[in-house]
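Working notes for the structure below.
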Amino acid sequence: MKTAIEQALQERILILDGAMGTMIQRHKLEEFDFREGAFEHHDKSLKGNNDLLSITRPEIIKDIHRQYFQAGADIVETNTFSGTWIAQADYGLEDAVYKINFESAKIAKEVALEFTDKPRFVAGSIGPTNRTASISPDVNDPGYRAISFDQLVDAYKDQVNALMDGGVDVLLVETIFDTLNAKAALFAIDTVFDERGVKIPIMISGTITDQSGRTLTGQTTEAFLISLSHMPLLSIGLNCALGASLMRPYLQILNEKSPFAVSAHPNAGLPNEFGKYDESPEMMAIQIKDFLDEGLINIIGGCCGTTPDHIRAISELAKNYEPRKI
C-alpha cells in the first residue's frame with residue numbers, strides 16, 4: 001500500500017520548506033538561549049548549536065515550522081541537521097542526541113497536525129556530519145580517515161531511532177558531499193527498519209559543490225545516483241551549494257536517469273562577499289519556473305537564504321504544473 005506522501009507525490013508537486021538557519025538568525029539569539037532549562041551548567045560554549053533550540057526554545061522552532069506550512073509547504077524538515085553524536089561531539093553533547101532528535105521530531109509533528117486543509121508531512125533531517133569517510137583531513141597522510149564507516153552507521157542509527165520515535169513521516173538524508181557517508185546512513189536506516197519491523201519512505205539529497213558538476217568527493221551526478229539506487233527511495237535530488245539556475249543541468253540528468261521522484265531545494269543564489277544570499281523570492285521563482293516548464297521535479301523547496309516568502313512564491317508557481325512523470 002502507498003503511504004500518504006507517496007500518494008500525494010502522484011497528485012501534485014510537493015513543496016519542501018526553506019532554510020531553518022536563516023530563520024533562526026533573525027532572532028539574534030545569545031548563549032543563554034541555547035542553554036536555558038537544560039544546559040545551564042555545560043562547560044562549553046553552545047551558541048550556534050541550532051539543534052538545541054528544539055529543547056531550549058521550542059516555541060521559536062515551532063513558529064518557523066508554522067510559517068513554512070502557512071507559506072504552502074507540504075513537508076517541513078526537523079531541526080536536526082547536526083543531530084548525530086559525531087557533530088555534537090564538538091560541543092561535548094554526545095549524550096543529548098536522543099533528546100535533540102526526539103524533541104525536534106515531536107514539535108514538528110505537533111505543528112503539522114495543526115493544518116487540516118491537506119496532508120502535511122515531517123521529514124527527519126539527517127545531515128552529512130562534519131567528517132568524511134572518503135577523504136583524509138591530513139594532506140600529509142592520504143590514507144588517514146577521521147571517521148570509520150561503522151562509526152557513521154552507529155551514529156546514524158541513534159539519530160534514526162530517535163526521529164522515528166518522535167513521529168517523522170519520512171527520513172531525509174541531505175546535503176550529501178560524500179556518498180560513502182550517505183551509504184552509511186542508508187545502511188543504518190535499513191538496519192533500524194529491520195529491528196523495528198517498520199519502514200517509512202526515504203529521501204536522498206546530494207550537493208554539487210561547484211560548477212564542475214561533482215560532489216566534494218568527486219562524483220558526477222549520474223555516479224551519485226547509481227551509487228545509491230540499490231535502495232528503494234522515495235526521491236533523490238540536490239540541495240545547497242548552488243542557486244537554482246546553476247543546479248538545472250544536474251537536475252536534467254536526474255530527470256533523465258532517475259527511477260525515483262526528483263527533488264530540488266537550491267540556495268537563494270550564491271553567497272555574496274558577506275556570506276549573505278541576495279536572490280529575492282521573485283528572482284528565485286523565475287529560475288525555478290524553468291524546472292517546472294521542463295517537467296524536471298516532483299519536490300521543490302529552498303535551502304540557504306530562503307524564507308517563507310521564497311516558499312510562498314515557489315508554492316504559488318508550482319500549483320500550476322503537473323509533477324514530473326516517474
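The values are calculated or read from the model by the stated rules, or taken from the named source; none is laboratory data. None of the values given here were measured: they were computed from a predicted structure. Here the Cβ is made from the backbone with ideal geometry for all residues, glycine too, and neighbour counts use every protein chain on show.
Take the conditions (1) among the aliphatic types (A, V, I, L, M); (2) closer than 25 Å to T3 by Cβ; (3) without any contact (Cβ under 8 Å) to a residue 24 or more places away in the chain; V168 misses just one of them, which is (3). Does the range 213-228 contain any residue that is touching a strand residue (DSSP E or B) at 6+ places or on another chain (Cβ under 9 Å) and within 25 Å of K2 (Cα to Cα)? Yes, the range 213-228 has at least one match. When the criteria are applied in full, L251 fails the requirement of being in contact with a helix residue (DSSP H, G or I) (Cβ under 7 Å, 6 or more places away or on another chain), surrounded by 15 or more Cβ atoms within 10 Å (Cβ to Cβ), not acidic (D, E) and not in a helix (DSSP H, G or I). Looking only at residues that are of a type in the set (S, T, Y) and surrounded by fewer than 18 Cβ atoms within 10 Å (Cβ to Cβ) in the range 148-201, which one is nearest to the chain's Cα centre (by Cα)? Looking at the filtered set, the residue picked out is T191. On inspection, Y98 fails the criterion of being crowded, with 22+ Cβ neighbours inside 10 Å and under 21 Å from V168 (Cβ atoms). For the range 3-42, a tally of residues being under 16 Å from the mean Cα position of the chain (by Cα), among the aliphatic types (A, V, I, L, M) and in a loop (DSSP other than H, G, I, E, B) returns 1.
For K118, the conditions (1) more than 30 Å from I5 (Cα to Cα); (2) surrounded by fewer than 21 Cβ atoms within 10 Å (Cβ to Cβ) all hold with the exception of (1).
Mind telling me which of the residues I204, I208 ends up being surrounded by 16 or more Cβ atoms within 10 Å (Cβ to Cβ), of a type in the set (A, V, I, L, M) and not in a loop (DSSP other than H, G, I, E, B)? Before the answer, list the steps.
Details: I208 fails: not in a loop (DSSP other than H, G, I, E, B).
The unique qualifying residue is I204.
Name the one entry in A244, A313, A261 that is within 16 Å of the chain's Cα centre (by Cα) and aliphatic (A, V, I, L, M). Quick ask: steps written out before the conclusion?
Details: A244 fails: within 16 Å of the chain's Cα centre (by Cα); A313 fails: within 16 Å of the chain's Cα centre (by Cα).
The conditions single out A261.
For G237, the requirement of being at pLDDT 95 or above, within 30 Å of F193 (Cβ to Cβ) and either in a loop (DSSP other than H, G, I, E, B) or not small (G, A, S) (or both) is not met.
Among the criteria (1) of a type in the set (D, E, K, R); (2) under 20 Å from A108 (Cα atoms); (3) surrounded by 14 or more Cβ atoms within 10 Å (Cβ to Cβ), the one R12 does not fulfil is (2). Of all residues in the range 128-143, those satisfying the criterion of being touching a residue at least 24 places away in the same chain (Cβ under 8 Å) and either more than 16 Å from the chain's Cα centre (by Cα) or farther than 25 Å from L233 by Cβ (or both) are R131, T132, A133, S134, I135. Screening R248 against (1) at pLDDT 95 or above; (2) among the basic types (K, R); (3) closer than 19 Å to P308 by Cβ leaves a single unmet condition, (3).
The residue pairs whose first member lies in the range 244-262 and is more than 15 Å from T220 (Cβ to Cβ), whose second member is of a type in the set (K, R), and whose beta carbons are closer than 6 Å, counting only pairs six or more residues apart or on different chains, are V262/R324. Given the options F32, F39, name the one that is among the aromatic types (F, W, Y), more than 20 Å from V168 (Cβ to Cβ) and either surrounded by 15 or more Cβ atoms within 10 Å (Cβ to Cβ) or in contact with a strand residue (DSSP E or B) (Cβ under 6 Å, 6 or more places away or on another chain) (or both). F39 is the lone residue from the list that is among the aromatic types (F, W, Y), more than 20 Å from V168 (Cβ to Cβ) and either surrounded by 15 or more Cβ atoms within 10 Å (Cβ to Cβ) or in contact with a strand residue (DSSP E or B) (Cβ under 6 Å, 6 or more places away or on another chain) (or both). For the range 117-175, the candidate set comprises residues that are among the aromatic types (F, W, Y) and modelled with pLDDT of 95 or more; within that set, the residue that is farthest from G83 (Cα to Cα) is F121. Filtering the range 271-326 to residues that are in contact (Cβ under 8 Å) with a residue 40 or more places away in the chain, in a helix (DSSP H, G or I) and of a type in the set (D, E) leaves D290, D309, E316.
If you check G295, G302, G243, which single one turns out to be within 25 Å of E6 (Cβ to Cβ) and surrounded by 22 or more Cβ atoms within 10 Å (Cβ to Cβ)?
Residue meeting the stated conditions: G302.
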